[in-house]
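Everything on this sheet refers to the single structure shown next.
The values are calculated or read from the model by the stated rules, or taken from the named source; none is laboratory data. The model shown is predicted, which means the values in this text are computed figures rather than measured ones. Neighbour counts run over all protein chains shown; Cβ positions are idealised from the backbone, glycine included. The accessibility values were calculated without ligands, DNA or RNA, using every heavy atom of the protein model including side chains. Shrake-Rupley method; radii C 1.70, N 1.55, O 1.52, S 1.80 Å.
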Amino acid sequence: MSIRKFKKVDIIGLKSERERILKDLSELGVVHVDSRTLETKNPERGQIDSQLEKLYRIYDNLSPLDNEERSFFQGEKVMISARSPLPYLSDNEVDELHEKVMEHARVDREKQSDITTHRHHIEQLGVVSDLKVPLNVICDSNKTLGRIYTVKTLAASEYMSALSEIDLLHVEMTGEAGGKTGYALLSLLDQEEKLLELNKKYDAEVFSLSAFDSIPSEEIEKARLSIRSLSSHIKETEASLSEYIPKIRSVKITIDRFENLKKQRNLSVNLPESAKTVCISGFIPSAKEKAVAEKFDGFEGIFIEVRDPAPDDEVPVELSNIGPAAFYETITDMYGRPSYSEIDPTIFISLFFTFFFGFCLTDAGYGLVISVATGLVLLNKKARKFLGKSIGLVYVFFFSGLATIVMGILTGGFFGIALPEAVARFVPLNLSIDNLDKSAIPFMKFAIYLGAVQVGLGFFMNMFKEFKRKNFFNGIMQNLPSVLMIYSGIQLAAMLMGAKVNGQLWGTIFVTSLLMNVIFSAPESKGVKRVLKGGYNAFFGFTGLMGDILSYMRLFALGLATGILIFVLNTVAAVLVDLMKIPGYVLAALLLIVGHIINILLNALGAFVHSLRLQFVEFFQQFFEGAGTPYEPFRNEYRFTVYDNDENN
């Protein structure tokens, strides 16, 4: 539960040393630049921007053709030995490669455009594909009308029947495509008005003949041949492009290099400066003060001042939890980084979230699968490197799987297998289907008690936060009554359900806490207005607390749902075996494997989401704002490049 301490640092140096200072700062990677001190200039477009655009165009055209086998975790990243020189592309190599790749891409785009045009022609001609005469034959004369109309296929038969009532010289269906049907008509001129009226009724459209003058089937075949020829050329182009695929590794590394140069350039032009000096203001972890001083020890004309942050400084926040709790910082960051003066809730999340996850699954078999699957990822050193900061989430699932195993042992769940009676009697809270009449209510109560504990802890955390701000009286009077209300209310509810409880004692505590809420929940008001506003706050505060605590019943619901779904899967598998004998064993095995995998994935997702919701909504609302600025030191960042610092492993 720790937020790292920071110092404010100002580095002032000669303008002539600007680039050297920035280069050293990026290598040091500990100074979080205070954005409020920067100017807002837009840097002029230069060589860096031009080269980056070329590199991204090269990457966009080559990456779809890159068929190199990579692990799921590697994705688009490349691993580079930290001891080997980086295979950057020179500016000339970038220009040459860009010219060659874009020429191939231009040809490819032209052919793709031609293919699209031919496909459009095929689609157009579909409604006349059965016509055996050239399209230019169907035309008007001095005495006759020659037309092709298209109607929606759903109305085609009705349209044909309506045509039979008109005096036509000839009518035939010409084809069907895209939900429309075509008809070729030949009639005398005096039938034009009837045709117009009929076509309006059925929303028929005139087929344009101007683009085609040959037999439609021949046109379609020509278009198909052209598409095949163009597709062949495209494959040849892709084959030619594939010779540049080995370069894509260097392209990625060079992109990372130029992105970092661009970041340095953008910072450089926005630094505050005088006629001869430039200033960088920011924050560093207190433990890095010596490292910063040593880095610039040999510089001429550089002044460094380190001091404690001022109250109005926007100090960045870096969490520094130890042990397994450090991995749960990922969960905290999903909501928001605490501000510099706030309490870091990560240690409490690590306990509650993990236990809630196990509470939702309640099956040791499922927990074992989750822990083994995530454990295999954690044992893979390359996977850990490629995942970077995301590895924290894998650890969260690993520990949550262990918690699920513990809950499975406590509730007697292991892939829904019925426990022998000799074993079942030692299970504290047996949630098997046969025992739900005895265990469901205690399980539900357990979930509610957990909610009371966490929500109550939230108020204590808020009290502590007020103590840090020297608001001792308000800290106690605006939080303690709510805690007393929670626990006394639960005791009174238990009494109503038949439990032996000292109703007089807990009733007195409840009424007292309610009155304290009325009096102290609106300290900004006075007199009658304070009492009225306090009563309003107390009423809705109480109902809100009830809703928050009852929300923890989702743990109970999800815990039971997992067990019931497992029971259903196992029961259906047993029925298949009974009904089909040997084939039933095969089907039952498939059902159990696929069914349990799907059930694990769905219920693990549900456990994750609902456990997360309880932290963010019910717990955090009592004390946590999460409006802090994450610590983002000025240093080189890499989208593609992963450095292998341990080549022997």
- Task: With a point put 7 Å past each Cα toward its Cβ, work out how far residue 170 is from residue 236 in nm, to one decimal.
- Result: 4.4
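To the nearest µm²/s, what D does Stokes-Einstein give for the chain at 20 °C and 1.002 mPa s, using the Kirkwood radius over alpha carbon pairs as Rh?
D = 65 µm²/s.
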- List the residues whose amide H sits under 5 Å from the amide H of residue 629, counting only those 5 or more places along or on another chain, with H placed 1.01 Å from N in the peptide plane. 317, 340
- Query: Which entries in 54/252; 288/389; 7/389; 8/263 show an alpha-carbon gap greater than 19 Å?
  - Reply: 288/389; 7/389; 8/263
- Whose amide H sits under 5 Å from the amide H of residue 74, counting only residues 5 or more places off or on another chain, with H placed in the peptide plane? none
- Task: Which order do the peptides 498-508, 180-190 take when ranked by the mean count of other beta-carbon atoms within 10 Å per residue, highest first?
- Result: 180-190, 498-508
- Query: For residue 41 and residue 305 in one chain, what is 0.36 nm times their gap in residues minus the Cα-Cα distance, to one decimal in nm?
  - Reply: 92.4 nm
- Message: Please compute the modelled spin-label separation between residue 136 and residue 49, points set 7 Å along Cα→Cβ, answer in nm with one decimal.
- Response: 5.4
- Task: Read phi for every residue in segment 93-99 and hand back ³J(HN,Hα) as whole Hz from Karplus 6.51 cos²θ - 1.76 cosθ + 1.60, θ = phi - 60°, with x for Gly and Pro.
- Result: 5, 5, 4, 5, 5, 4, 4
- Message: Using alpha carbons only, how many angstrom separate the centre of segment 307-377 from the centre of segment 105-151?
- Response: 63
- Message: Give me a comma-separated list of calculated 3J(HN,Hα) values for segment 624-640, in order, Karplus coefficients 6.51, -1.76, 1.60 applied at θ = phi - 60°, integers in Hz, x for any Gly or Pro.
- Response: 10, 9, x, 10, x, 9, x, 6, 10, x, 6, 7, 6, 10, 10, 7, 9
- Sorted peptide list for 634-640, 360-366, criterion being average Cβ within 10 angstrom, highest first: 360-366, 634-640
- Query: Round to a whole number: what % of the accessible area of the chain belongs to carbon and sulfur, probe 1.4 Å?
  - Reply: 59
- Distribution of pairwise C-alpha distances over segment 101-229, 10 Å bins, in %: 12, 38, 28, 13, 7, 3, 0
- Note on the structure: Residue-ordered couplings for segment 453-469, obtained by feeding phi - 60° into the Karplus form 6.51 cos²θ - 1.76 cosθ + 1.60 and rounding to whole Hz (Gly and Pro as x), are 5, 6, 5, x, 4, x, 5, 5, 5, 5, 4, 5, 4, 5, 4, 4, 8
- With a Förster radius of 25 Å, plug the Cβ-Cβ distance of residue 297 and residue 79 into 1/(1 + (r/R0)^6) and report the FRET value to the nearest 0.05. 0.15
- Between residue 286 and residue 262, Cβ-based FRET efficiency (R0 35 Å, step 0.05) works out to 0.70
- Query: Cα axis of helix 47-62 to longest principal axis of the chain: angle in degrees, 0 to 90, nearest 10?
  - Reply: 70
- Total charge dipole magnitude, segment 193-292, about the Cα centre, Cβ charges on Lys, Arg, Asp, Glu only, Debye to nearest 20: 1100
- Task: At 0.36 nm per residue, minus the direct Cα-Cα distance, what do residue 200 and residue 218 gain on full extension? Give it in nm, one decimal, please.
- Result: 3.3 nm
- Tell me, how many Å apart are the Cα centres for segment 4-30 and for segment 492-545? 56
- Task: Compute the distance in nm between two label points, each set 7 Å from the Cα along the Cα-to-Cβ direction, one at residue 71 and one at residue 112.
- Result: 3.3
- Which length gain, in nm to one decimal place, applies between residue 190 and residue 471 when the Cα-Cα distance is subtracted from 0.36 nm times their residue separation? 91.5 nm
- For residue 174, which sequence-distant residues (separation of 5 or more, or a different chain) have an amide H within less than 5 Å of its own amide H, given hydrogens modelled in the peptide plane? 182, 183, 184
- Message: Less than 18 Å from a label point 7 Å out along the Cα-to-Cβ axis of residue 543: which backbone N atoms in segment 466-510 qualify, by residue?
- Response: 486
- Task: Could you tell me whether segment 392-499 comes out rounded, prolate or oblate from its Cα gyration tensor? Rule is a ≥ b ≥ c as square roots of the eigenvalues, rounded for a/c under 1.5, then prolate if a/b exceeds b/c, otherwise oblate.
- Result: oblate
- Which pairs break 20 Å Cα to Cα here: 143/194; 295/382; 132/201; 143/180; 295/381; 100/235? 295/382; 132/201; 143/180; 295/381
- Message: Taking the alpha-carbon distance from residue 438 and a cut-off under 20 Å, which lysines remain once sequence neighbours fewer than 8 residues away in the same chain are dropped?
- Response: 500
- residue 519/residue 499 FRET efficiency (R0 22 Å; Cβ-Cβ; nearest 0.05): 0.10
